[in-house]
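So the structure is just underneath, and the comments pick up after that.
Just so you know, all these numbers are worked out from the coordinates, no wet-lab data involved. Owing to the predicted nature of the structure, the values given are computational and were not obtained by experimental measurement. Glycine also receives a Cβ, built like all others from the backbone with ideal geometry; neighbour counts cover every protein chain displayed.
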Amino acid sequence: MAEDLIPLEMSLHEGQANDALHNLRIYLCNKAILFRTSVRQAKSQALKTRAWSQVTSVQQAVSLHASIYTKTRKQMMKLEPGQDQLQKYKPLLREQLKISTAVGDPNARGQRNESLAWFWSVEVDLGGPDQSWNEEFYRVHWLRAKALRDRWREEMLLVKLEMDWTCKFFLWKTTQWGEHMQESLEKRLPGHGCYAGRQSQMYSLLAQDAQAAFQDLQNVLIEAGDE
């Protein structure tokens, strides 16, 4: 009989965890918006005090729902969840509860490689009175992710072109020094011819090494582009 209740208990815990994650995201969005609209724009000490009071209140709510999720997940682990549930409901770390500077300060430096914590991609209901703030939060991060993807594609294109240019440069130098060697031999300048021959051989080896190394890198870039 007790085993029959395990799926029901797991379902209840999942609902509680979803609610906690949903509220956690709402309050983190609220905190980011408060920094953007209240804290940074406060012109007097009274306004700053009021703004920081609001931030503290929101932070308490963040801590509360983070605690609820952590306790709920602990109970779920006792029920031997499946692999899909383990993948969805991951441990919640303190450093993951930081607000995103992309919303609080879109022009701040050092956020090019910043990514959202795992719980932002968990599929839970995004409805409610604060849905517009959630949409703004996701919109900013979607635009930044798109910019990173476009930059990566541009870098991939440039790297491929630079690899091709490098190989062609080495081959051109190989031909150039080969012609110098031939001219030196025709002018009966063996010393000059030997030097030009060594230079031609050096650039030929560089071209071969570059082509071999770049071929391996091309395969890596093709695999990355397919992902």
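Assigning unit charges at the beta carbon (Lys, Arg +1; Asp, Glu -1) and nothing else, what dipole magnitude in debye, to the nearest 20, does the range 3-105 show about its Cα centre?
920 debye
Tell me the Kirkwood hydrodynamic radius of the range 149-226 in angstroms, computed as one over the mean inverse distance between distinct C-alpha pairs.
After inverting the mean inverse Cα-Cα distance, the result is 14.2 Å.
Any lysines with Cα under 19 Å of the LYS90 Cα? List them, leaving off those in the same chain fewer than 8 positions away.
Cα-Cα hits under 19 Å: LYS71, LYS74, LYS78, LYS98.
Ranked by Cβ crowding within 10 angstrom, fewest neighbours first, how are CYS194, CYS29, CYS167 ordered?
Starting with the residue having the fewest Cβ neighbours, the order is CYS194, CYS167, CYS29.
Express in nm, to one decimal, how much length is gained between LEU217 and ASP164 on full extension, taking 0.36 nm for each residue of separation and deducting their alpha carbon distance.
17.9 nm is the gain from fully extending LEU217 to ASP164.
Given that compact globular proteins tend to follow 2.2 N^0.38 Å, what is the ratio of the alpha-carbon Rg of the range 1-71 to that value?
1.60
Need the full-extension length gain, GLN201 to GLU9, defined as separation in residues times 0.36 nm minus the C-alpha distance. One decimal, nm.
61.7 nm
Pick out, from LEU189, ALA207, ASN219, the residue whose Cα sits farthest towards the positive end of the charge dipole of the range 149-226, with +1 on the Cβ of Lys and Arg and -1 on the Cβ of Asp and Glu.
Of the candidates, LEU189 comes out farthest on the positive side.
Which length gain, in nm to one decimal place, applies between GLN182 and LEU86 when the Cα-Cα distance is subtracted from 0.36 nm times their residue separation?
My answer for the length gained is 27.5 nm.
Between LYS78 and GLN41, what is the FRET efficiency for a Förster distance of 41 Å, r being their Cβ-Cβ separation, to the nearest 0.05?
Efficiency computed from Cβ-Cβ geometry: 0.30.
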